[in-house]
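> Structure provided below as structure tokens; questions to follow.
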Amino acid sequence: MKMNLLKIFCLLLVVQLAACAAPPKQDPLEAIREVGPELPGATISADGTQISYPGNSLFAEGSVLPLPGGMAILDPLIDFLMAKPELTIAGTVRSAGHKEDYDRLLAARRLEILTAIFTNRGIEDKRLQLALATGAGAPLELQLQLSGSPSSSGEN
């Protein structure tokens, strides 16, 4: 009887220890594929490292400010990035379809606003590297990288 109780106790102990074990860590770049459907207006690359907001999903044509409801588009992205501090964000803020000087000015203003939105919501400056661009492409394109990876340190 004592032997059976000891076996049962040991079995229960093993089961309890297994239940307390930390779940395996998910690759943060894989996690974006799971949250992808919850990023309204976004297009996500197959490998989960690139997110873009094409066309007029975030900005109206020629507008500096995000569309009404723009924060509802950006909030899920910011929430995801806040939950994954090991990711850095490199990106391009773009304007196209106008005279070059106007596109450059518009892209610069959008960059300022988006940087303020991200940092005011808690994304650290050191994690965010946005650049402006003109010409064809999505108004906002982001590249997610693991902090400390060779490509996140500026090497190509």
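> Contact list please: Cβ distance under 6 Å, first residue in segment 39-52 and more than 11 Å from L74 (Cα to Cα), second residue of a type in the set (G, A, S), pairs at least six apart or on different chains.
The qualifying pairs are T43/S52; I44/G36; I51/A42; S52/A138.
> Go through segment 96-113 residue by residue and tally those that are surrounded by 14 or more Cβ atoms within 10 Å (Cβ to Cβ) and more than 24 Å from the chain's Cα centre (by Cα).
4
> Give me a count of the residues in segment 90-114 that are under 18 Å from Q145 (Cβ atoms) and of a type in the set (V, I, T).
Qualifying residue count for the region: 2.
> Here is a check on your reading of the model: is P85 within 19 Å of P54 (Cβ to Cβ) and not aliphatic (A, V, I, L, M)?
Details: within 19 Å of P54 (Cβ to Cβ): no; not aliphatic (A, V, I, L, M): yes.
So P85 fails the test.
> Follow-up question, since we're still on this one. Determine, yes or no, whether A90 is within 17 Å of the chain's Cα centre (by Cα), modelled with pLDDT under 95, more than 20 Å from P40 (Cβ to Cβ) and part of a strand (DSSP E or B).
yes
> Could you check segment 116-146 and list, in sequence order, the residues that are over 18 Å from K84 (Cα atoms) and of a type in the set (S, T, Y)?
Answer for segment 116-146, where residues must be over 18 Å from K84 (Cα atoms) and of a type in the set (S, T, Y): just T134.
The values are calculated or read from the model by the stated rules, or taken from the named source; none is laboratory data. In this text, all values refer to a predicted model and were calculated from it rather than measured experimentally. Reconstructed Cβ throughout: ideal geometry from the backbone, glycine too, with neighbour counts over all protein chains shown.
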